Structures are given as C-alpha cells and as structure tokens.
1. So Met137 clears everything in (1) assigned to a helix (DSSP H, G or I); (2) more than 9 Å from the ligand (Cβ to nearest atom); (3) within 22 Å of Glu31 (Cβ to Cβ) except one condition, right? Which one?
2. Report, by residue number, each residue of region 102-134 that is away from the ligand (no atom under 13 Å from the Cβ) and surrounded by fewer than 18 Cβ atoms within 10 Å (Cβ to Cβ).
3. Could you check region 155-186 and list, in sequence order, the residues that are at pLDDT 95 or above, among the hydrophobic types (A, V, I, L, M, F, W, C) and part of a loop (DSSP other than H, G, I, E, B)?
Amino acid sequence: MSTLIEERHDILRAIYERRAVRAYTAERLSENVIRALLDAAIQAPTAMHVEPWAFVVVQDKVLLKRLSDRAKAILLDDIKAGRELTQDASTKSRLLRTLGDPSFNIFYDAGTLIVICRKHLGPYTEADCWLAAENLMLAACAKDLGTCCIGFAIPVLNEADVKDELKIPDEITAVVPIIVGFPRGAVEPVSRKPSQVLTWIR
Ligand SMILES: Cc1cc2nc3c(=O)[nH]c(=O)nc-3n(C[C@H](O)[C@H](O)[C@H](O)COP(=O)(O)O)c2cc1C
C-alpha cells in the first residue's frame, strides 16, 4: 500500500472511531501535542480564505471548574426562564437533573479545553470554525486522544468578564469549546440513523 492510501485509510478510521469522550485520565497534554492539533485545525477549508479562527487553551483545572459551575448556573437560569435548550420534556428533566448536580463538571474533568474563536464576522466564518473543530477532533482521534465538543460552555465563554479573563477581545466570539485528553476506558460507538436522501436526480 502506498503511503497516500495508508493515510486515506487512517482518515476514514478516525472518522469512524471518533466518539465523544466524557472520562479522562489525569495525564496532562503537552504543548507540542496541542500545537499539532491546532495546526491540523487550521488546515480546514475556509470561505474566501478568511481564516477567521483564533484559539484559547485552558489547562488550569481550578479555572475550568469555576467556568463549569458558572455555565451550569447560566443554563439552569435559561431553562427556568423558558429559554429552553430543548422542547423535549424528558430531555429537559434530564438536563435539569444533570445541571443541578453539584458534582457534574461540564468539562468532565478533562485537563485541557481548546476554544475555537471567530475573529471576523462574515457569512461563513462560523462554519469555518466548526470545520476547524472537526479537523481538530479527527487529528486528536488519530493520536489516540479523546475529545468532546462542549456546547454547554458557549454562553459562559462569551460573558464579558470571562472574555476579559481569557483575554478574548470584545470583537472576537468563542464559537467551539472542545475538551481534549487521554481517554479513561473505551467509549461505546453511538449509532447513527441511515443517511436520508431527500432527492437524487439523475
Ligand atoms: C455542537 C455540539 C455541542 C455538543 N455539546 C455537548 C455538551 O455540552 N456536552 C456533552 O457531553 N456533549 C456534547 N456534544 C457531544 C454530543 O453529545 C455527541 O457528539 C453525540 O451524542 C454523538 O456522539 P459521538 O460524538 O460519540 O458520535 C456536543 C456535540 C456537538 C456537535
């Protein structure tokens, strides 16, 4: 097999093996590994070559715990005020239970949070950041690291005082929070419904 074919196979393997990892060992990720993940992220396609991304890396567990507690309070307020994350009653009661649990850490005690931020407004800049996120997660998977997007963290990361603390300028928005670390144990695959083709015109 040529190297190119092996690499293509690795890409497919990462696509199929990547899972949302929610349990991590205490081992800390090195700067080199994180820089390699950021480099993979910025290879993503970018509309009109804007490259709108910038990154924040947080490896301070005390800060992560504080952000998690604040994120949970914001989300609970949203749910109680009817600004619901979901219309589904059973998901809503599960969320209320989970977010109300003082021991629940939205970052699952992962040692590293990478936040992909958007520097420029524009029709596709948010999409660019999400494409960079998928690159980062697949690259992490190829290095046997676990990742999980943490949508729960988006509101807190965009609070003015939190942006100040994380040195995110006003005009920059936190778009994709991703936790990264060494998985503790295997993660069961999550099934997908078959791809639904609405139209296929030949
Ligand atoms: C935009 C987005 C936000 C997410 N936010 C969270 C989150 O806040 N907490 C969490 O545990 N998982 C979160 N996830 C992970 C999903 O729950 C997970 O991807 C989904 O259940 C499918 O599982 P898989 O990634 O293992 O295939 C998020 C995923 C995406 C794409």
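1. (2)
2. If the condition is that a residue be away from the ligand (no atom under 13 Å from the Cβ) and surrounded by fewer than 18 Cβ atoms within 10 Å (Cβ to Cβ), then Pro102, Ser103, Lys119, His120, Leu121, Gly122, Pro123, Tyr124 are the ones that fit.
3. Leu166, Ile168, Ile172, Phe182
A quick yes/no check of all residues on (1) of a type in the set (Asp, Glu); (2) touching a Phe, Trp or Tyr at 6+ places or on another chain (Cβ under 7 Å); (3) in a helix (DSSP H, G or I); (4) more than 21 Å from Ile106 (Cα to Cα):
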position	(1), (2), (3), (4)
Val33	no, no, yes, yes
Leu37	no, no, yes, yes
Gln43	no, no, no, yes
Ala54	no, no, no, yes
Lys65	no, no, yes, no
Arg70	no, no, yes, no
Asp77	yes, no, yes, no
Thr86	no, no, no, no
Ser90	no, no, yes, no
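The values are calculated or read from the model by the stated rules, or taken from the named source; none is laboratory data. No experiment lies behind these values; they were computed from the predicted model shown. Counting neighbours? That spans all protein chains shown, and the Cβs are built from the backbone with ideal geometry, glycine included.
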